[in-house]
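Worksheet: one structure, shown below.
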Amino acid sequence: MAKASEIKKSLEDQLKAKGADVTHYRALIDDYMWFYQQLHQMQADIKKYGRTYTTVSAAGKDYEKDNPAVKNALLYSKQMLVILNSLGLSTEHIVGGAPPGDDDGDL
């Protein structure tokens, strides 16, 4: 998995290539990276506790409760996509990375 610093640099490179390397868009990249970190924290929580967990009600009975990290992970992921769209970044115009036609099977 890519490191957060690599992802941030890649996004900054994409902005520079578009000629949009300005403070406002750099702030959006910072926001993106915050959501990226939050998403990975939610994924770790889900891995640790699962999609649901058992808790005790006020009446003292055990019951299954949805892990709020599942909902939060979805919200963070959606917001990350919104930020990418706001920056005009997509897979159609990538700077750097593998050259076109380089399909040696590496994923």
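The values are calculated or read from the model by the stated rules, or taken from the named source; none is laboratory data. Please read these numbers as outputs of a predicted model, since none were measured by experiment. A quick note on method: Cβ atoms are made from the backbone with ideal geometry, for glycine too, and the neighbour counts reach across all protein chains shown.
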If you scan the stretch 78-107, which residues turn out to be at pLDDT below 65 and either more than 21 Å from Met1 (Cα to Cα) or touching a Pro at 6+ places or on another chain (Cβ under 8 Å) (or both)?
Pro100, Gly101
The residue from Asp31, Asp13 that alone is surrounded by 10 or more Cβ atoms within 10 Å (Cβ to Cβ), within 20 Å of Ile94 (Cβ to Cβ) and not aliphatic (A, V, I, L, M) is Asp13
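Table: residues versus (1) farther than 30 Å from Lys3 by Cβ; (2) exposed (fewer than 14 other Cβ atoms within 10 Å of the Cβ); (3) of a type in the set (Lys, Arg).
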{"position": "Tyr36", "(1), (2), (3)": "no, no, no"}
{"position": "His40", "(1), (2), (3)": "no, no, no"}
{"position": "Lys47", "(1), (2), (3)": "no, yes, yes"}
{"position": "Arg51", "(1), (2), (3)": "no, yes, yes"}
{"position": "Thr54", "(1), (2), (3)": "yes, yes, no"}
{"position": "Pro68", "(1), (2), (3)": "no, yes, no"}
{"position": "Asn72", "(1), (2), (3)": "no, no, no"}
{"position": "Tyr76", "(1), (2), (3)": "no, no, no"}
